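Student: Have a look at the structure that comes next, please.
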Amino acid sequence: MLDSVKIQRRQSEIRQTLAELVGKDSPTEDETRRMADLDLEFRNNETRYRAALITEDTARREAGADLEGREGRQWADLVAGFELRQVALALDEGRSLDGRTAEVVQELRSQGGFRGVPVPWQALEVRTGETVAAGTPDPMSTRPIIDRLFPDSMAGRMGAQMISIDSGAVEWPVVTSSVTAGWADGETANVAGPTAYATTDRAMKPDHNLGVQMKITRRSLKQSGAALEAAIRRDMQGAMGAAMDQAVFLGTGANGQPLGVITGRSTYGIALDEVDDLATWAAFRASVAAFMVANAASGPGAVRAMIRPELWDFMDGSLWDAGSGLTEWDRLTRQIGSTFTTSNALAAPAGDPLATTALLATTTGGVAPVFVGAWGAIDVIRDPYSDAQSGGLRITALATMDVTVARPVQLRLLTGLEIEAGGD
């Protein structure tokens with residue numbers, strides 16, 4: 001207990017005792033001396049109380065600063081001990097959840113309705129030190145997921161930011177006006193303006209549901225619990241991660257899919273660079289220069305590039321200078337900050353001559369170019385009836401997500417990057 005609180009309580013006791021003594025018409029000598037002693041103690045305590053407040057002020061400030069970040073650390077510690085094995089056993093055998101897993105599920109249920117058992121997004125991440133072969137995973141170290149998707153996802157590598165949303169629709173106002181400054185032409189002249197300050201709302205709505213169904217055989221359920229947990233996590237991560245990546249960039253905006261970055265280029269207002277020539281560093285350099293002209297990137301090192309494996313194959317085999325042995329790929333990677341290859345987030349090469357596309361992205365002022373919204377947690381629903389004859393269990397995992405482009409100027413799409421010579 002703080003000293004100031006102890007002193008306050010003592011002061012209350014003194015006041016109560018003095019009130020009883022003062023109320024007597026003819027106090028005895030002992031009672032009179034008692035009143036004098038209490039009065040002196042009360043005045044001394046006032047001085048001690050002020051001193052205690054001064055000394056405790058620093059401690060209060062430090063404790064307040066610690067509380068600001070304590071909630072996030074406590075949640076990370078709880079999720080670090082979350083066991084998908086317990087979820088599988090609860091769905092199959094009705095076993096009660098315990099430990100950190102029970103605390104996480106209870107917290108998620110308090111924030112939103114779930115038909116099944118809610119599973120936090122962090123539980124799908126690959127945890128450091130996991131050894132499936134030995135059957136002894138160590139779930140003590142979990143990567144953070146505050147501002148990133150799954151560690152191996154292309155969306156995360158390209159700078160997309162994952163936003164956790166409890167309920168409802170969320171929108172971000174993005175500045176679209178061109179406010180300019182101007183000099184006053186003379187001593188009494190006015191400066192430039194006024195220029196309208198306009199914004200455009202980038203909204204995300206819970207209209208898109210992503211799901212994965214898994215069949216768990218009776219043999220799997222009776223095997224090592226730790227191995228089952230790792231297998232379920234890998235299956236969920238692989239299936240949902242691939243579908244998320246594809247939707248972020250190639251989502252059609254129809255049939256339940258969100259509108260992806262590349263498919264919705266014209267809707268989002270993303271710049272298009274039509275190369276229609278053999279893929280070289282010069283084609284990428286022109287787009288990077290356009291980034292810098294628009295003040296979206298400070299230099300080529302701040303730009304990320306997402307390409308197809310076929311484009312890497314072509315550029316790595318195209319010599320820029322036979323004497324130096326440098327290829328077009330060498331020139332690209334020496335300038336661009338990061339280059340990633342994917343066969344999932346970009347459409348396959350097509351046309352005659354065969355051509356592909358590439359996406360460039362950069363992060364300006366700490367603002368991600370793309371937002372990926374995730375509502376609540378992953379809802380895991382049990383179905384013990386579909387495979388009841390074989391003693392199996394069917395589990396469905398549902399997630400509600402949406403995609404939006406926060407700042408189109410931080411993205412550029414290159415098309416017509418030819419990876420073979422055209423016919424005569």
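The values are calculated or read from the model by the stated rules, or taken from the named source; none is laboratory data. Given the structure is predicted, the values throughout are model-derived calculations rather than measurements. Glycine gets a Cβ as well: all are built from the backbone with ideal geometry, and neighbour counts include every protein chain shown.
Student: Do we have Ala358 as exposed (fewer than 15 other Cβ atoms within 10 Å of the Cβ), assigned by TED's automatic domain parsing to the domain that holds Leu278 and at pLDDT 85 or above here? Can you show your working first?
Tutor: Details: exposed (fewer than 15 other Cβ atoms within 10 Å of the Cβ): no; assigned by TED's automatic domain parsing to the domain that holds Leu278: yes; at pLDDT 85 or above: yes.
It is false that Ala358 is exposed (fewer than 15 other Cβ atoms within 10 Å of the Cβ), assigned by TED's automatic domain parsing to the domain that holds Leu278 and at pLDDT 85 or above.
Student: Among the residues of the range 107-121, are any closer than 30 Å to Gln410 by Cα, at pLDDT below 80 and more than 14 Å from the chain's Cα centre (by Cα)? Spell out how you get there, then give the answer.
Tutor: Of the residues in the range 107-121, the ones closer than 30 Å to Gln410 by Cα are 121.
Filter once more, so that each one left must be at pLDDT below 80: 121.
Checking which are more than 14 Å from the chain's Cα centre (by Cα) leaves us with none.
No, every residue in the range 107-121 fails to be closer than 30 Å to Gln410 by Cα, at pLDDT below 80 and more than 14 Å from the chain's Cα centre (by Cα).
Student: Here is a follow-up. Checking the condition modelled with pLDDT of 80 or more and surrounded by 13 or more Cβ atoms within 10 Å (Cβ to Cβ), which residue from Ala160, Ala189 passes? Before you say what the answer is, go through the steps one by one.
Tutor: Working: Ala189 fails: surrounded by 13 or more Cβ atoms within 10 Å (Cβ to Cβ).
On inspection, the qualifying residue turns out to be Ala160.
Student: Could we say that Arg100 is more than 20 Å from Gln237 (Cα to Cα), modelled with pLDDT of 80 or more, outside any loop (DSSP other than H, G, I, E, B) and touching a Gly at 6+ places or on another chain (Cβ under 9 Å) here?
Tutor: Details: more than 20 Å from Gln237 (Cα to Cα): yes; modelled with pLDDT of 80 or more: yes; outside any loop (DSSP other than H, G, I, E, B): yes; touching a Gly at 6+ places or on another chain (Cβ under 9 Å): yes.
Judged against the criteria, Arg100 is a match.
Student: Can you tell me which residue in the range 1-25 is nearest to Ile54 (Cα to Cα), limited to those that are aliphatic (A, V, I, L, M) and surrounded by fewer than 10 Cβ atoms within 10 Å (Cβ to Cβ)?
Tutor: At the first step, the residues of the range 1-25 found to be aliphatic (A, V, I, L, M) are 1-2, 5, 7, 14, 18-19, 21-22.
Okay, now just the ones that are also surrounded by fewer than 10 Cβ atoms within 10 Å (Cβ to Cβ), so 1, 19.
On the way: Met1: 16, Ala19: 30 Å.
Ranking the qualifying residues of the range 1-25, first place goes to Met1.
Student: One residue is enough: does the range 405-414 have a residue meeting the conditions under 30 Å from Asp235 (Cα atoms) and assigned by TED's automatic domain parsing to the domain that holds Glu107?
Tutor: Residues of the range 405-414 that are under 30 Å from Asp235 (Cα atoms), as a first pass: 405.
Of the ones still in play, those that are also assigned by TED's automatic domain parsing to the domain that holds Glu107 are 405.
Scanning the range 405-414 turns up at least one residue that is under 30 Å from Asp235 (Cα atoms) and assigned by TED's automatic domain parsing to the domain that holds Glu107.
Student: If you don't mind, there's one more thing I want to ask. Would you please name the residue that is surrounded by the fewest Cβ atoms within 10 Å (Cβ to Cβ), looking only at residues in the range 298-350 that are free of Cβ contacts under 8 Å to residues at least 24 places away in the same chain, under 20 Å from Ala421 (Cβ atoms) and not β-branched (Val, Ile, Thr)? It would help to see each step written out before you state the result.
Tutor: Taking the range 298-350 as the starting set, the residues that turn out to be free of Cβ contacts under 8 Å to residues at least 24 places away in the same chain are 298-299, 316-317, 319, 321-327, 329-330, 333-334, 350.
Now restrict to residues that are under 20 Å from Ala421 (Cβ atoms): 316-317, 319, 321-322, 327, 329, 350.
Next cut, not β-branched (Val, Ile, Thr) only: 316-317, 319, 321-322, 329, 350.
Numbers: Asp316: 13, Gly317: 11, Leu319: 12, Asp321: 10, Ala322: 7, Trp329: 22, Ala350: 9.
Restricting to residues being free of Cβ contacts under 8 Å to residues at least 24 places away in the same chain, under 20 Å from Ala421 (Cβ atoms) and not β-branched (Val, Ile, Thr), the top hit is Ala322.
Student: Another question about this same structure. Quick check on the range 247-276: of everything there that is assigned to a loop (DSSP other than H, G, I, E, B) and free of Cβ contacts under 8 Å to residues at least 60 places away in the same chain, which residue is surrounded by the most Cβ atoms within 10 Å (Cβ to Cβ)?
Tutor: Residues of the range 247-276 assigned to a loop (DSSP other than H, G, I, E, B): 251, 253-258, 260-264, 269-270.
Add one more test, that the residue is free of Cβ contacts under 8 Å to residues at least 60 places away in the same chain, and what stays is 253-257, 263.
Details: Gly253: 15, Ala254: 8, Asn255: 6, Gly256: 13, Gln257: 17, Thr263: 19.
Here the residue is Thr263.
Student: Go through the range 277-297 and report how many residues are at pLDDT below 90, surrounded by 19 or more Cβ atoms within 10 Å (Cβ to Cβ) and either outside any helix (DSSP H, G or I) or not assigned by TED's automatic domain parsing to the domain that holds Thr364 (or both).
Tutor: Residues that pass the stated criteria total 2.
Student: Hey, Leu149 hits all of (1) at pLDDT below 75; (2) out of contact with any strand residue (DSSP E or B) (no Cβ under 6 Å at 6 or more places or on another chain); (3) surrounded by 18 or more Cβ atoms within 10 Å (Cβ to Cβ); (4) part of a loop (DSSP other than H, G, I, E, B) but one; which does it fall short on?
Tutor: (2)
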